[in-house]
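Asks: First the structure, then my questions, so here it is.
A short reminder: the numbers here are calculations on the coordinates, not readings from a lab. The model shown is predicted, which means the values in this text are computed figures rather than measured ones. Cβ placement follows ideal geometry from the backbone for every residue including glycine, while neighbour counts extend to all protein chains displayed.
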Amino acid sequence: MATTARSNAGLAYSYNFDSMKRVKDALRTLHLVGKDVDTPLARWGLYQVSQTQKTYRNQGRGSIRWKPRSAKSVAAARTLKRPTSKKVLQSLAKFVETDTVTVGGLRTQAVWSTHPWAGLHQSGAKIKAHRVQAPTLGGVLRFAVGRKIIFARHVKIPTYRIPKREQFFMLAKDRLRAVQLIEQHVGKVTKRHIRTKGRKR
């Protein structure tokens, strides 16, 4: 079962593999031989981080494609002197991290973004009209309207909508890779365990 949690600190995606019998059986084998499950889960986490970063760089992955930034969003970015190209979305890739955590008493792997806007893009959001003040007392904002340069102490950003741009998800190939990574690790650990027991006899 996958769980997505959104907060002001970013967005977290965790997967406990309850619906994947082969993974559950492999992890159960580790418990039987007295080994922890953190290492294989961490290997999957690193793989999923790479896939999430690929999603940012390519503006989507597999059948999931992102909508380009709207004209209003680009105009707001220009007003605030922020990047206006798709690079502003690609840059979010560097905020993706992973770790093994305990959820409901079960060890699971979480992949998350520490960027506060990640959650807004994951599910889509409506940004209400708001006022932006110059960052310093007596300072001014500088932006262009057509060919004219405008200076102002504050500016009103109109309401605009951020379309849904999923970053945290698992494709069929991701589930298959999770099985492969975890079963490979369990196979190596089990062989070592059998060899060790054989020597003790």
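Asks: If packing is taken as the average number of other Cβ atoms within 10 Å across a peptide's residues, how do 29-38, 110-119 rank, most packed first?
Replies: So the peptides 29-38, 110-119, ranked by packing, come out 110-119, 29-38.
Asks: Taking the Cα-to-Cβ direction at residue 164 and at residue 180 and moving 7 Å from each Cα, how far apart do the two end points lie in nm?
Replies: 2.9
Asks: Mind sorting 154, 185 by how few other Cβ atoms lie within 10 Å of their own Cβ, fewest first?
Replies: So the residues, fewest neighbours to most, are 154, 185.
Asks: Roughly what would the spin-label model give for residue 31 and residue 117, points 7 Å off Cα along C-beta, in nm?
Replies: The modelled label-to-label distance comes out at 4.3 nm.
Asks: If each of residue 128 and residue 145 carries a label point 7 Å out from its Cα toward its Cβ, how far apart are those two points in nm?
Replies: The modelled label-to-label distance comes out at 2.5 nm.
Asks: Now, a different point. Would you mind listing how long the stretch 102-178 runs along its three principal axes, going by Cα atoms, in whole Å with the largest first?
Replies: 55, 27, 20
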